[in-house]
1. Which members of the range 13-66 meet the condition of being among the polar types (S, T, N, Q), exposed (fewer than 13 other Cβ atoms within 10 Å of the Cβ) and modelled with pLDDT under 85?
2. For a quick check of your reading of the model, give me the residue pairs whose first member lies in the range 30-44 and is in contact (Cβ under 8 Å) with a residue 40 or more places away in the chain and assigned by TED's automatic domain parsing to the domain that holds Asp20, whose second is part of a helix (DSSP H, G or I) and small (Gly, Ala, Ser), with beta-carbon atoms closer than 9 Å and at least 6 apart or on different chains.
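The values are calculated or read from the model by the stated rules, or taken from the named source; none is laboratory data. Note that the structure is a prediction, hence the values are computed from the model and not measured. Cβ sites come from the backbone with ideal geometry, for glycine too, and all protein chains shown count toward neighbours.
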Amino acid sequence: ANWHPFKIVTRGEKSEQIIDKGDEKLVGLKEELGEEVYKAVTTALVEMNEYNASGSYVVSELWNNKESRKASMGEVVEHILKQWKAKRKSSVSLR
């Protein structure tokens, strides 16, 4: 439960955590299950670490499924406005 497959790299004045490609468990995973599974696991680990480095639990986030990426703030606002307008329209038509 204490596994942390990251290493700290300093570039200039900025430090960041990156996947330790030499980590035993990750090397074993890649050898046993291949590159695709390895990439999926390391991507998930990086995202979990990025959003909650201390707790490693899932954090909800809006996602742009069409482009397989996080939704931008503008997309989030646009989505909320669409939902609000649709709800407002339906409640007005019920009157």
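1. The answer is Asn52, Ser54, Ser60.
2. none
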